[in-house]
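S.K.: Sharing a structure, written as structure tokens. Questions coming.
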């Protein structure tokens, strides 16, 4: 059961990396990067249960936070071209 | 199961590395570098180094992405390849890579308890560290106590690098402000 799950996660990882490498637009790459982050969490969880150490799940939470931060940073940069952009500047 | 997971992850790492080299849009390179870090963290998890994997993910995929994007803001986000000779760099890379692989051939296998790394100082750390340092975590005891000077040196290097980067950025901003003031007068 867990071995089948591992194989499925690996297959999904391969597909996501193919999309990230081939592109063609930036959004494909950002989405693929986000998916790879999520799949890394899943792989961590499955391997933890496979090795009999389910406490690795806690580390998955850190990965999830990082994934959000990097995706938000990339998208914000793409939208405004600046990480320190303030929404209030629009009103002025 | 482990060899298969390792094989898939390492193949994907190689694919992503080649994609990073061939990519001309530096924005795509930043995203691909984040993917590389997550894959590397997964490899480290398979190797049972969960703490190293967490560092790799937080530094490689988290902080590096933000810092690289901030750098892109200050420079151009497209790489213009210079025509140059590739034979010598390729030769050096192949020789160094071959030497590294050749070096790993003599390494003892990972895991067995009778390899040199488990025979030298590790048993002493395991049996004495709680008594000598009162730290319940042996890794922490080794890093912060037995190798305290080593860690102090590393921290000094990173601190100096941080100060240097901050001074560079500050000088740049001050010059920028002076130019703007000169424009107004």
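S.K.: Kirkwood hydrodynamic radius, computed over distinct alpha-carbon pairs, for the range B:28-126: how many Å, to one decimal?
M.R.: Final number for the Kirkwood radius of the range B:28-126 is 17.5 Å.
S.K.: For the pair residue B:95/residue B:11, report the inter-label distance in nm, with labels modelled 7 Å from Cα in the Cβ direction.
M.R.: Rounded to a tenth, the inter-label distance reads 3.3 nm.
S.K.: Right, next: Report the per residue volume, in Å³, of the convex hull enclosing the C-alpha atoms of chain A.
M.R.: In chain A, the Cα hull volume divided by residue count equals 96 Å³.
S.K.: For chain B, find the longest principal axis of its Cα atoms and tell me its angle to the long axis of helix B:122-133, 0 to 90°, nearest 10.
M.R.: Taking the Cα atoms of chain B, the angle to B:122-133 is about 80 degrees.
S.K.: Taking only Cα atoms, what is the 0 to 90° angle, nearest 10, from helix A:26-50's long axis to the longest principal axis of chain A?
M.R.: The helix A:26-50 is inclined about 30 degrees to chain A.
S.K.: Between residue B:107 and residue B:24, how high is the FRET efficiency from 1/(1 + (r/R0)^6) when r is the Cβ-Cβ distance and R₀ = 35 Å? Nearest 0.05.
M.R.: Calculated transfer efficiency: 0.40.
S.K.: Points 7 angstrom from Cα along the Cβ direction at residue B:165 and residue A:49: gap in nanometres?
M.R.: 3.9 nm
S.K.: As a test of understanding, state the convex hull volume per residue of chain B from its alpha carbons, in Å³.
M.R.: So the per-residue hull volume is 201 Å³.
S.K.: Residues of B:23-29, mean number of Cβ from any other protein chain within 10 Å of their own Cβ, rounded to a whole number?
M.R.: 3
S.K.: Could you give the angle, 0 to 90 degrees to the nearest 10, between helix B:64-74's Cα long axis and the longest principal axis of the Cα atoms of chain B?
M.R.: Relative to chain B, helix B:64-74 is tipped by roughly 20 degrees.
S.K.: Counting each DSSP H run of 4 or more residues in the protein assembly as shown as -39500 (n - 2.57), what helix-only mean residue ellipticity at 222 nm follows after dividing by all residues, to the nearest 500 deg cm²/dmol?
M.R.: -25000 deg cm²/dmol
S.K.: Can you give the mean number of other chain Cβ atoms that lie within 10 Å of the Cβ atoms in peptide A:55-64?
M.R.: 3
S.K.: Roughly what % of Cα-Cα distances in the protein assembly as shown sit above 32 Å, to the whole percent?
M.R.: When every Cα pair of the protein assembly as shown is considered, 42 percent fall beyond 32 Å.
Where a number appears in this text, it was derived from the coordinates with a stated rule and is not lab data. All figures in this text were calculated on a predicted structure; none of them were measured in a lab. Cβ coordinates were reconstructed from backbone atoms using ideal geometry, including for glycine residues, and neighbour counts include every protein chain displayed.
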